[in-house]
Amino acid sequence: MNYKVLSRKYRPQNFSEIIGQPHVVDTLTNSIISNRLAHAYLFTGVRGVGKTTTARVLSKTLNCLQIKGSNPCEKCQNCIEINESRSLDVIELDGASNRGIDEIREIKETVKYPPITSDYKIFIIDEVHMLTKEAFNALLKTLEEPPKKVVFILATTDSHKIPDTILSRTLRFDFKRISNKNLTNHMIEILKKESIKYEPNALNAIALKADGSIRDSLSILDRIISHSNSSISYDFVKESLGIIE
């Protein structure tokens, strides 16, 4: 089974492909070019707006062996390993299933060792608000003064659940909901690549239903394509999503 859902198949691989977050992209690219990197970042925002994707792109850009400006080359060993989620220097954790103090202690032990093949050892903790109070407390000192060449990237949909002591130790980026226009244009680009016919008002309806989430819009689009024999009409979308005129 080789099929990839659209949200995975067309996931952005560099900063120029990230849509709807220019304030985040510009700040991060400028900090890379000027070598003014923070040791800990916090990405906040609703589901499906690009937090984890941006964390992966940032990791790949920092560790690319042949970086071109602020974009990774996509060809070196580090880029390939990060794309395939098998890099030993980019460690991605799910805060919901690794939420205890023992997991944080493991991170503190791993932090002591320098990167193996990369410039930076990077820890991405998704859904970080799910960590326990004890886990947050155990992370405080490491987050405030990590060893050289270590970067933490925390991502969350519920920033109000994160202790102020953690917030004050990170550089925070608030991701916005994606506009309906950007969502529609993104879907049009994908459908052209997939050679699928569509009606513009059908895509507008999907964008409204997605409520600012790229992942939701592509999930709905995937479902519509599966049921509509590779042609997306407004009538079919209206019926599928239960839209009332």
Next item on the list: Would you rank H129, H39, H160 by solvent-accessible area, highest first, keeping every protein chain in place and using a 1.4 Å probe?
Entry: H160, H39, H129
Item checked: Enclosed volume per residue, in Å³, of the convex hull spanned by Cα atoms of the range 103-245 -> 169
Notebook entry, point to check: Per residue and in Å³, how big is the convex hull formed by the alpha-carbon atoms of the chain?
Noted result: 142
Next item on the list: Please state the charge dipole magnitude for the chain, taken about the Cα centre, from unit charges on C-beta atoms (+1 on K and R, -1 on D and E), reported in debye and rounded to the nearest 20.
Entry: 420
Checklist line | Rule-of-thumb Rg ratio for the range 87-161 [Cα; 2.2 N^0.38 Å; N residues] | finding: 1.05
Margin query: Taking each pair of distinct Cα atoms in the range 39-172 once, what is the resulting Kirkwood hydrodynamic radius in Å?
Written below: 15.0
Notebook entry, point to check: K9: accessible area at probe 1.4 Å, nearest 10 Å²?
Noted result: 110
Margin query: Which entries of K75/K108; K60/K133; K68/K181; K209/K238; K9/K60; K112/K148 have Cα-Cα distances beyond 21 Å here?
Written below: K75/K108; K60/K133; K68/K181
Margin query: On the Cα set of the range 35-87, report Rg and Dmax in Å, please.
Written below: 12.0, 33
Note to self: In Å², and per residue, what accessible area does the chain have when probed at 1.4 Å with the other protein chains present?
What the structure shows: 53
Note to self: For I124, I244, give me the order by solvent-accessible area with a 1.4 Å probe, most accessible first, ignoring ligands, DNA and RNA.
What the structure shows: I244, I124
Check: In the full protein assembly as shown, how much of E84 is accessible to a 1.4 Å probe, in Å² to the nearest 10?
Finding: 100
Checklist line | Long-range HN-HN contacts of I153 with modeled amide H, under 5 Å | finding: Y41, F123, I124, I125
Next item on the list: Report the accessible area of I18, computed with a 1.4 Å probe over the heavy atoms of all protein chains in place, in Å² rounded to the nearest 10.
Entry: 20
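The values are calculated or read from the model by the stated rules, or taken from the named source; none is laboratory data. Just so it is clear, the structure is predicted and the values come from calculations on it, not from any experiment. Here the Cβ is made from the backbone with ideal geometry for all residues, glycine too, and neighbour counts use every protein chain on show. SASA here: full protein model, heavy atoms, side chains in, ligands and nucleic acids out. Shrake-Rupley method; radii C 1.70, N 1.55, O 1.52, S 1.80 Å.
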